[in-house]
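S.K.: Would you mind keeping the following structure in view while I ask a few things?
The values are calculated or read from the model by the stated rules, or taken from the named source; none is laboratory data. The shown structure was predicted, so the numbers you read here are calculated from the model rather than taken from an experiment. So basically every Cβ, Gly included, is an ideal-geometry build from the backbone, and we count neighbours across all protein chains shown. These area figures cover heavy atoms from the full protein model, side chains too; ligands, DNA and RNA do not enter into them. Shrake-Rupley method; radii C 1.70, N 1.55, O 1.52, S 1.80 Å.
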Amino acid sequence: MPRRLFLTCAAGFVSIAVLAYAGGPDISTMSAPGVSFAGYKTYTWVNQEPPGGMNPVEFQRIQAVIAASLAQRGYAHAEPGDLSLIISAGAHQQTEFQSWGWMGRQMDVYQTTTGRLSVDAFDTKTRQAVWHGQAAETINPEKPNLKKIDAAVTKLMDRFPAGGTAGATSTH
């Protein structure tokens, strides 16, 4: 019986781990009510420098992934653009406690860090926010996984609305 219980618990932990890994980053987006993106064709970067504490090479890499995604959606980079984009990033550390054993006398402590990347789009003329997107995922701040970062940014930008020239070929 103990072997069966062990195998059942092990299978449960493996299932949870697979589901957690397969889920990827948590993505949330929101468009301003009543905004039509059909009139937007170009974009510009508001922040040319990385947010405080962010690796400048990672920042440039993220900008490149976003730019490629925007080009696929019909947007071209221009100064000034119809849309003004801001990238922000941060991390949040969390400590979790789990008690177990007889009367909960044993305790495990887990430290996790959640990284967050946000992209905000503003109408350049009106300065009104038109779109917000955020990707959040557990990270190792000491060893950034560039493939996971690229995948998270791509997944986030997959939800960015198509522009007025969607489907047109861009020369930029």
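S.K.: What fraction of the Cα pairs in region 87-155, stated in percent, has a spacing above 17 angstrom?
M.R.: Details: 1381 of 2346 pairs.
Considering region 87-155, 59 percent of its Cα-Cα pairs are separated by more than 17 Å.
S.K.: Contact order normalised by length for region 47-172, with contacts defined as Cα pairs under 8 Å and 6 or more residues apart; what percent is it?
M.R.: Values: 172 pairs, mean separation 37.9, N = 126.
Result for region 47-172 is 30 percent.
S.K.: Let me ask something additional. At 7 Å along the Cα-to-beta-carbon direction for both residue 45 and residue 107, put a label point, then send me their distance in nm to one decimal.
M.R.: Simple spin-label model gives 4.6 nm for this pair.
S.K.: Ignoring ligands, DNA and RNA, please state the percent of accessible area on region 72-153 from carbon and sulfur, probe 1.4 Å. Please report the intermediate quantities before stating the final value.
M.R.: Details: 2760 of 5320 Å².
Ligands and nucleic acids excluded, carbon and sulfur reach 52 percent.
S.K.: Let me ask something additional. Would you mind classifying region 48-101 by shape? Square roots of the alpha carbon gyration tensor eigenvalues, ordered a ≥ b ≥ c; an a/c under 1.5 is rounded, otherwise it is prolate if a/b is larger than b/c and oblate if not. Can you show the working numbers first?
M.R.: Values: a/c = 3.46, a/b = 2.47, b/c = 1.40.
In terms of gyration-tensor shape, prolate.
S.K.: Shifting gears a bit: Which lysines, if any, have their Cα less than 25 Å from the Cα of residue 143, not counting same-chain residues under 8 positions apart?
M.R.: Once the sequence-local lysines are set aside, what remains near residue 143 is 155.
S.K.: Report, by chain and number, residues whose modeled amide H sits under 5 Å from the one on residue 47, excluding near sequence neighbours (fewer than 5 apart, same chain).
M.R.: 87
S.K.: Quick one: which residues, 5+ away or cross-chain, put their amide H under 5 Å from the amide H of residue 124? H built at 1.01 Å from N.
M.R.: Excluding prolines and chain starts, which carry no amide H, the hits are 83, 84.
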